[in-house]
Amino acid sequence: RAALEQNLGGVETLFGSSAETVIANAERAYQSAGMSANTYMETVTSFSASLLQSLEGDTVAAASAADQAIIDMSDNANKMGSDLETLQTAYGGFAKGQFQLLDNLKLGYGGTKEEMQRLLKDAQKISGVKYDISSYADIVDAIHVVQTEMGITGTTAKEAEQTISGSLAGMKSAWGNLLTSLVQGGDSFDQ
């Protein structure tokens, strides 16, 4: 319960009027990202300051980009066999301008700034959008574009619907949400 309260407080502080959106995304993360609400909120708060800064404080856009980043991490872990914690660390590093862990995404790029710039250029060729390496939101979006092109996007939700292991992972995350609701009260029973 203490962790949940701390995570809720962090989300409310960082996202202000858009906190409800982030919390709603966290509550459904057991389906979309195969993780509990607590894990979702911990991950979001780890990089949200950089995301908000790159989006000039636009909390609505930041909430959407954060959700995309977390789903992309989960999809990458599911499709490429990457370790989710390593991906969370990589995205946290990208938020600080550190690109050593880019190769952990297993997208064919090495762990250097030059390789991140190559990823951004490749994403631009696909989407027609110019990406700036100094913008964390651009990095998140470019990774999403590349992963979509590679057929990685959407694999977590699909796995949760169509496989036993995916269903079990979703159920495990939903169970974590239910335990929190039993202590705190809430409406996670239907989920």
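The values are calculated or read from the model by the stated rules, or taken from the named source; none is laboratory data. Since this is a predicted model, take the numbers as computed values, not measurements. Here Cβ is always computed from backbone atoms with ideal geometry, including for glycine, and neighbour counts include all displayed protein chains. SASA here: full protein model, heavy atoms, side chains in, ligands and nucleic acids out. Shrake-Rupley method; radii C 1.70, N 1.55, O 1.52, S 1.80 Å.
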Scan the stretch 27-45 residue by residue and report those that are surrounded by fewer than 24 Cβ atoms within 10 Å (Cβ to Cβ) and either touching a Phe, Trp or Tyr at 6+ places or on another chain (Cβ under 7 Å) or in a helix (DSSP H, G or I) (or both).
Glu27, Gln31, Ser32, Ser36, Asn38, Thr39, Glu42, Thr45
Screening Ser36, Ser82, Ser54 for residues that are closer than 23 Å to Lys96 by Cα and modelled with pLDDT under 90 leaves only Ser82
Evaluate the stretch 87-110: report whether one residue or more is under 15 Å from Ala137 (Cα atoms), free of Cβ contacts under 8 Å to residues at least 12 places away in the same chain and of a type outside the set (Gly, Ala, Ser).
yes
One residue is enough: does the stretch 53-61 have a residue meeting the conditions within 17 Å of Gln147 (Cβ to Cβ) and part of a helix (DSSP H, G or I)?
no
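Taking Asp103, is it of a type in the set (D, E, K, R), closer than 20 Å to Asp83 by Cβ and either surrounded by 14 or more Cβ atoms within 10 Å (Cβ to Cβ) or in contact with a Pro (Cβ under 7 Å, 6 or more places away or on another chain) (or both)? Please lay out each step first, then the result.
Numbers: of a type in the set (D, E, K, R): yes; closer than 20 Å to Asp83 by Cβ: yes; either surrounded by 14 or more Cβ atoms within 10 Å (Cβ to Cβ) or in contact with a Pro (Cβ under 7 Å, 6 or more places away or on another chain) (or both): yes.
Spelling it out, Asp103 is indeed of a type in the set (D, E, K, R), closer than 20 Å to Asp83 by Cβ and either surrounded by 14 or more Cβ atoms within 10 Å (Cβ to Cβ) or in contact with a Pro (Cβ under 7 Å, 6 or more places away or on another chain) (or both).
Considering only residues that are in a helix (DSSP H, G or I) and without any contact (Cβ under 8 Å) to a residue 60 or more places away in the chain, look in the stretch 121-138 and name the one that is nearest to Ile70 (Cα to Cα). Give the steps one after another, and end with the answer.
Step one: of the stretch 121-138, the residues in a helix (DSSP H, G or I) are 121-127, 136-138.
Checking which are without any contact (Cβ under 8 Å) to a residue 60 or more places away in the chain leaves us with 121-127.
Details: Lys121: 22, Asp122: 21, Ala123: 19, Gln124: 21, Lys125: 24, Ile126: 22, Ser127: 21 Å.
Residue satisfying both the conditions and the ranking: Ala123.
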Within the stretch 141-156, is there a residue that is surrounded by 15 or more Cβ atoms within 10 Å (Cβ to Cβ), assigned to a helix (DSSP H, G or I) and modelled with pLDDT under 95?
yes
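Hey, does the stretch 46-58 have a residue that's more than 21 Å from Asp132 (Cβ to Cβ) and open to solvent by less than 30 Å² (accessible area, probe 1.4 Å)?
No, the stretch 46-58 contains no residue that is more than 21 Å from Asp132 (Cβ to Cβ) and open to solvent by less than 30 Å² (accessible area, probe 1.4 Å).
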